[in-house]
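Beneath this line is the structure, given in structure tokens, with notes to follow.
Rule-based calculations on the coordinates, nothing more; no lab input. None of the values given here were measured: they were computed from a predicted structure. Virtual Cβ from ideal backbone geometry, glycine too; neighbours counted across all protein chains shown.
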Amino acid sequence: MAKLMLEIVTPDKMFYKEEAEMVIVRGSEGEMGILFDHEPFVTPLDIGTIRIKNNGQFKIAALSQGYLQITEEKVVILSDTAEWPEEIDIERAEKARERAEKRLQQKTPDLDILRAEIALKKAAARLGVAKITGKH
């Protein structure tokens, strides 16, 4: 199977730079699978997980919002954050989820709903990755 180059870049570092058989990620229009020679385009990246297939095996990571650029041979992801399962602090993610849920339930006048929803999505993505990989 032909491979494409995948680069995942965060403000802090080059998170990942290797060839991959397939990349599965959540864009603004929903989940998409990307293979070598995919039609080029750019799309916003939604908070969620990324699955990277190589040699028949999948690696999974949690991603926050960002952008995805696809060319025929390369996928570049610019994300605010990216974490492998072993980097996820489950206790911290659970507390973040609880705080976000509590803020959304209280509906105080100064509540920034979008910010609380983003925090909830990030915590859910992180906990989802931990659960899928058996870390949870």
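Check the straight Cα-Cα distances from Lys121 and name the aspartates and glutamates below 12 Å, setting aside those fewer than 8 residues away within the same chain.
Within the straight-line limit of under 12 Å, Lys121 reaches these aspartates and glutamates: Asp46, Glu94, Glu98, Glu101.
Please state, rounded to one decimal and in Å, the Kirkwood hydrodynamic radius that the chain gives when every pair of distinct Cα atoms enters the mean of 1/r. Numbers along the way, then the final one.
Values: mean 1/r = 0.0641 Å⁻¹.
Evaluated on the chain, it is 15.6 Å.
Can you give the relative contact order of the chain as a percent, counting alpha carbon pairs under 8 Å and 6+ residues apart?
Details: 284 pairs, mean separation 29.8, N = 136.
Once normalised by length, the contact order is 22 percent.
Using a simple charge model, +1 on the beta-carbon of Lys and Arg, -1 on the beta-carbon of Asp and Glu, nothing else, what dipole does the chain show about its Cα centre, in debye to the nearest 20? Mind dumping the intermediate values first?
Details: 21 positive and 24 negative charges, 122 e Å.
That gives a dipole near 580 debye.
Could you check which residue among Asp80, Asp12, Asp37 shows the biggest mean-square fluctuation in a GNM of the chain with a 10 Å Cα cutoff?
In this elastic network of the chain, the residue with the biggest mean-square fluctuation among Asp80, Asp12, Asp37 is Asp12.
What trypsin sites (Lys or Arg not before Pro) in the range 40-80 are in a loop by DSSP, with at most 12 other Cβ atoms within 10 Å of the Cβ?
Details: sites: Arg51, Lys53, Lys59, Lys74; in loops: none.
Passing sites in the range 40-80 do not exist.
In straight Cα distance, which aspartates and glutamates are under 17 Å from Lys17, not counting same-chain residues fewer than 8 positions off?
Of all the aspartates and glutamates, those that pass the test against Lys17 - Cα under 17 Å, at least 8 places apart if same chain - are Glu7, Glu72, Glu73, Asp80, Glu83.
Quick one: which of Lys74/Lys122; Lys59/Lys102; Lys13/Lys122; Lys13/Lys95; Lys59/Lys95; Lys13/Lys59 span more than 30 angstrom between C-alpha atoms? Spell out each step's value before the answer.
On the way: Lys74/Lys122 26 Å; Lys59/Lys102 32 Å; Lys13/Lys122 19 Å; Lys13/Lys95 26 Å; Lys59/Lys95 26 Å; Lys13/Lys59 19 Å.
Violating the 30 Å Cα-Cα cut-off are Lys59/Lys102.
Once you've got the GNM for the chain with C-alpha springs shorter than 10 Å, pick whichever of Gly33, Gly56, Gly48 has the biggest mean-square fluctuation.
Gly56
Could you work out [θ]222 nm for the chain from helices alone, using -39500 (n - 2.57) per DSSP H run of at least four and dividing by all its residues? Round to the nearest 500 deg cm²/dmol.
On the way: 2 runs with 37 residues, N = 136.
My calculation for the chain gives -9500 deg cm²/dmol from helical runs alone.
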